[in-house]
Amino acid sequence: MHAPDAAGTPLNWDLYRAAVVDIRFGDRAVRVSPRPRGTVGGFFPVPAGGGATVHVITAWNPRGRTASNDANARAQHLLLDEVRLRGLTWWPAKGGDACGTHREESVAVVGLSDTAARDLGRRFGQDAVFAWTPDAWRVLACDTGAVVVSGWAASGRAPA
């Protein structure tokens, strides 16, 4: 895992803050992109008043090192097994840069606390996880209490 800087954030923190996530809900895909704090718009998958958070977690490229496709696939399979074992609602996701040059298989999960999501990310060697609520898009560092809060926009996309 990347060592945190003096502020307690991972070295790639700025990349995580700018990352977008595509989540597939059956035959519909949504891209969640960060926006200025207080700005939200588009589809949110949990019913109004549900109070749930959608956490986005990956097992790809642990400790900030590029892993082989086979190693990433094995790790992601173990993450999905853990999510299924816990009986959580989940959807397939891919996170990465807005240009699409870097993409990582991920899972969007409902039913975890921020602490549990960070713990699961840390278990799979991750620097950070995302937390999506009706009013915010947050990046949560797995090894420290660092958090960045922004708004979000969710736009429809062709399924990935």
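Which of 124, 130 has the fewest other C-beta atoms within 10 Å, and how do the rest follow up to the most?
On the way: 124 19, 130 26.
Exposure proxy ranking, most exposed first: 124, 130.
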Practice problem: May I ask for the net charge around residue 151, where only other residues with Cβ less than 13 Å from the Cβ of residue 151 are counted and Lys, Arg are +1 while Asp, Glu are -1? | Solution: +3
Exercise. Taking only Cα atoms and a 10 Å spring cutoff, compute GNM fluctuations for the chain and point out the largest among 38, 64, 111.
Key: 38
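Sort 79, 88 so the one with the fewest other Cβ atoms within 10 Å of its own Cβ comes first. Before the final figure, lay out each step's value.
Details: 79 24, 88 15.
Arranged by neighbour count, lowest to highest, 79, 88 become 88, 79.
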Quiz item: Based on the Cβ-Cβ distance from residue 133 to residue 67, what FRET efficiency comes out when R0 is 30 Å, to the nearest 0.05?
Solution: 0.50
Quiz item: For segment 76-87, what does the Karplus curve 6.51 cos²θ - 1.76 cosθ + 1.60, with θ = phi - 60°, yield as ³J(HN,Hα) per residue in whole Hz, taken in order and with x for Gly and Pro?
Solution: 5, 4, 5, 4, 4, 4, 5, 5, 5, 4, 7, x
Quiz prompt | the chain: most fluctuating residue of 114, 135, 27 per GNM, C-alpha cutoff 10 Å | solution = 27
Quiz item: So between residue 27 and residue 80, what do we pick up on full extension, going 0.36 nm a residue minus the alpha carbon distance?
Solution: 17.1 nm
Quiz item: Based on DSSP H runs of at least 4 residues, each adding -39500 (n - 2.57), what is the mean residue ellipticity at 222 nm of the chain after dividing by all its residues, to the nearest 500 deg cm²/dmol?
Solution: -6000 deg cm²/dmol
Self-check item: Rounded to whole Å, sorted largest first: equivalent-ellipsoid semi-axes of segment 32-160, Cα gyration tensor
Solution: 22, 17, 15
Practice problem: Can you pull the one-decimal nm distance between simple spin-label points at residue 147 and residue 14, each 7 Å off the Cα toward Cβ? | Solution: 2.4
Quiz item: Sorted from fewest to most neighbouring beta carbons within 10 Å, what does the list 77, 55 look like?
Solution: 77, 55
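Values quoted throughout were computed directly from the atomic coordinates according to the rules given, and no laboratory measurement underlies them. All figures in this text were calculated on a predicted structure; none of them were measured in a lab. Positions of Cβ are generated from backbone atoms using ideal geometry, with glycine treated the same way; all protein chains shown enter the neighbour counts.
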